[in-house]
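Colleague: Please see the structure below; I have some questions.
The values are calculated or read from the model by the stated rules, or taken from the named source; none is laboratory data. Please read all numbers here as calculations on a predicted model, not as lab measurements. Positions of Cβ are backbone-derived with ideal geometry, glycine not excepted, and every protein chain shown enters the neighbour counts.
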Amino acid sequence: MDFSITTWNINSVRLRIDLVVRYLAEHQPDVLCLQETKCPDANFPHGAFRDAGYPHIAISGQKGYHGVATISQRPFSARSVRDFCAKGDARHLRVVVEDGGRGIEVHNFYVPAGGDEPDPDINPKFAHKLAFVDEMATWAADDKAAARRSILVGDLNIAPLEQDVWSHKALLKVVSHTPIEVEKLKRAQAAGPWVDALRKFVPDDQKLYTWWSYRSPDWAAANKGRRLDHIWVSPELEASVRSMEVLREARGWKRPSDHVPVKATFSL
């Protein structure tokens, strides 16, 4: 059985619903995980997804900020959320997708961006980010999700490898690629242990980006990207990952998100 999953920080699901519907029509993932939906649950555009052939919808939203949603062609047999850092933020959503067997557990994450100053003593947003990733490591060790048939996806807001950014040297003191963030994310990954599905297909010494800043007047020519969006899989699923795709062209769509869809396909 083939199974595919896409993660995409959409930066407002209602503002960009036409782009989402276009993506679903053209690429047909079984499951789509969205982050930064910026939408309270009562206003989520359920109808557009049902009309697109995705009737199974799990959401965890809040007005104007954060928010995650998991949309599927396949039913869910379970769903839950965890309140990381006890802040009440909508940053995590778990579903179990039915696949005719034991099910596939999908964790959809939106890690805090962390602000601009990489000093937790003077920047509460950065302190929150570090605490959040620390809790991801604790959760991975305690919950043991990676011991099951599980996939962890989302905007983790950290580019962990040197070739995950346009310039390792230039970004060492820039939030998303600082040594402390990289160390903590790698610890969270090892706590699973989770396998980095994207880097199975693009070697660590090759550039790989999923995000290009709005601040760049010509993002394509400058190509100063970062890999902030990730797909991690449990060891049991590692051998079944058949391919991955970063849809770079979506960054050039009309009124785009600064992130692009990232898809992995499995042969289960």
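Colleague: Test residue 187 against the criterion of being surrounded by fewer than 17 Cβ atoms within 10 Å (Cβ to Cβ) and either free of Cβ contacts under 8 Å to residues at least 60 places away in the same chain or of a type in the set (Gly, Ala, Ser) (or both), and give yes or no.
Modeller: Taking the combined requirement at face value, the residue satisfies it.
Colleague: Residues to consider are 42, 48; find the one that is of a type in the set (A, V, I, L, M) and out of contact with any helix residue (DSSP H, G or I) (no Cβ under 7 Å at 6 or more places or on another chain).
Modeller: Sole residue among the options that is of a type in the set (A, V, I, L, M) and out of contact with any helix residue (DSSP H, G or I) (no Cβ under 7 Å at 6 or more places or on another chain): 42.
Colleague: Determine whether region 2-16 contains at least one residue that is within 23 Å of residue 96 (Cβ to Cβ), in contact (Cβ under 8 Å) with a residue 60 or more places away in the chain and small (Gly, Ala, Ser).
Modeller: Yes, some residue in region 2-16 is within 23 Å of residue 96 (Cβ to Cβ), in contact (Cβ under 8 Å) with a residue 60 or more places away in the chain and small (Gly, Ala, Ser).
Colleague: What pairs come up if the first residue lies in region 37-63 and is part of a helix (DSSP H, G or I), the second is modelled with pLDDT under 95, and their beta carbons are under 9 Å apart, counting only those six or more places apart or on different chains?
Modeller: 41/62; 43/63
Colleague: Name every residue in region 242-268 that is farther than 23 Å from residue 218 by Cβ and in contact with a helix residue (DSSP H, G or I) (Cβ under 6 Å, 6 or more places away or on another chain), in order of residue number.
Modeller: If the condition is that a residue be farther than 23 Å from residue 218 by Cβ and in contact with a helix residue (DSSP H, G or I) (Cβ under 6 Å, 6 or more places away or on another chain), then 244 is the only one that fits.
Colleague: For region 86-99, which residues satisfy the criterion of being surrounded by 15 or more Cβ atoms within 10 Å (Cβ to Cβ), within 25 Å of residue 11 (Cα to Cα) and either more than 15 Å from the chain's Cα centre (by Cα) or at pLDDT below 95 (or both)?
Modeller: 89, 96, 97
Colleague: Continuing with this model, one more query. Kindly list the number of the only condition in (1) charged (D, E, K, R); (2) under 20 Å from residue 146 (Cβ atoms); (3) surrounded by 15 or more Cβ atoms within 10 Å (Cβ to Cβ) that fails for residue 102.
Modeller: (3)
Colleague: Looking for whichever is closer than 21 Å to residue 211 by Cα and surrounded by 24 or more Cβ atoms within 10 Å (Cβ to Cβ) here; the options are 21, 13. Which one fits?
Modeller: 13
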